[in-house]
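What follows is one structure encoded as structure tokens, with my remarks underneath.
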Amino acid sequence: MGPLDWDHLADRVAGAGLVGSVTLAAAPPRPVARTEVSVAAQEDVVVAAPAADGATVEFALAVAEGNRVLRHHGARSRQLPGQLLVEAALQGVTWAVRELYPPGRERPPVQPVLYGFGFEFHRPLFWLPVSVRITLSETGPSSGGRRPLNAEIAYLQQGRTCARGHVGFQACDPRSVRDTEAAQSRAVGPPARVPRRTPGAGE
């Protein structure tokens, strides 16, 4: 349940006059702004209350009503879908690299460009509080506005590590990413046009 859903529940309890007889636990942590993790819609943000300690970032997994992963996930079960955990890794890496490697003055936040990803379950994760811990390490020298990094990811629930992942990526100036993509697009060129055959032609 996301923070806005929790606020709505608290309002319903108060409106029904049940404040004295119904006790709500502490509200869940609020997700970061969508711009901090390069997500289009705020309800899709799953990173909440992140904190950095050295090269490690830890945050709470937040799932709001209307999250696109859950909308497109057909199975309804007690376990968290793997797609949600992958999304948490991608958003968490984005927040972590921008926090630990801030851009210089008048430069945009860095953009992670992935080239490797691995993920494994040790035990299922359920609809209970989940913490995600990400540790970044440099894998080579920075060159041309690109810094090669590795992220080791651990998913913790009730004090146990339930899943692990790793991401290999480069932290890039987004302008260099756009320039590279534009150059590659020009090199490839437009798709070849296939002549349309007119019915009856050549018969």
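The values are calculated or read from the model by the stated rules, or taken from the named source; none is laboratory data. Source: prediction; values computed, not measured. Quick reminder, even Gly has a Cβ in these numbers, built from the backbone with ideal geometry, and neighbours come from all protein chains shown.
In the stretch 132-146, which residue that is at pLDDT 95 or above and among the hydroxyl-bearing types (Ser, Thr, Tyr) is farthest from residue 91 (Cα to Cα)?
Across the stretch 132-146, the extreme among qualifying residues is 139.
Where residues in the stretch 25-51 are loosely packed, with under 11 Cβ neighbours inside 10 Å and at pLDDT below 75, which of them is nearest to the chain's Cα centre (by Cα)?
Restricting to residues being loosely packed, with under 11 Cβ neighbours inside 10 Å and at pLDDT below 75, the top hit is 26.
Among 120, 99, which is the only one that is surrounded by 15 or more Cβ atoms within 10 Å (Cβ to Cβ), in the same structural domain as residue 166 (by TED's automatic domain parsing) and among the charged types (D, E, K, R)?
Exactly one of 120, 99 is surrounded by 15 or more Cβ atoms within 10 Å (Cβ to Cβ), in the same structural domain as residue 166 (by TED's automatic domain parsing) and among the charged types (D, E, K, R), namely 99.
Taking the options 92, 165, name whichever one is at pLDDT 95 or above, crowded, with 16+ Cβ neighbours inside 10 Å and not in a strand (DSSP E or B).
92 is the lone residue from the list that is at pLDDT 95 or above, crowded, with 16+ Cβ neighbours inside 10 Å and not in a strand (DSSP E or B).
Pull out all pairs, ordered by first then second residue, where Cβ-Cβ is under 9 Å, the residues are six or more apart or on different chains, the first lies in the stretch 87-105 and is closer than 14 Å to residue 60 by Cα, and the second is in a helix (DSSP H, G or I) and at pLDDT 95 or above.
91/36; 95/36
Can you name the number of the only condition in (1) farther than 28 Å from residue 27 by Cβ; (2) not in a loop (DSSP other than H, G, I, E, B); (3) not aromatic (Phe, Trp, Tyr) that residue 134 fails?
The failed condition is (1).
Looking at the structure I just gave you, is residue 184 modelled with pLDDT under 95 and under 17 Å from residue 93 (Cα atoms)?
No: the conditions fail for residue 184.
I want to confirm something. Restricting to the stretch 52-63 and keeping residues that are small (Gly, Ala, Ser) and part of a strand (DSSP E or B), which single residue is farthest from the chain's Cα centre (by Cα)?
That would be 52.
For residue 141, are the conditions met, namely being loosely packed, with under 12 Cβ neighbours inside 10 Å, assigned by TED's automatic domain parsing to the domain that holds residue 94 and not hydroxyl-bearing (Ser, Thr, Tyr)?
It is true that residue 141 is loosely packed, with under 12 Cβ neighbours inside 10 Å, assigned by TED's automatic domain parsing to the domain that holds residue 94 and not hydroxyl-bearing (Ser, Thr, Tyr).
Give me a count of the residues in the stretch 137-158 that are closer than 19 Å to residue 57 by Cβ and either without any contact (Cβ under 8 Å) to a residue 24 or more places away in the chain or part of a strand (DSSP E or B) (or both).
Matching residues across the stretch 137-158 total 13.
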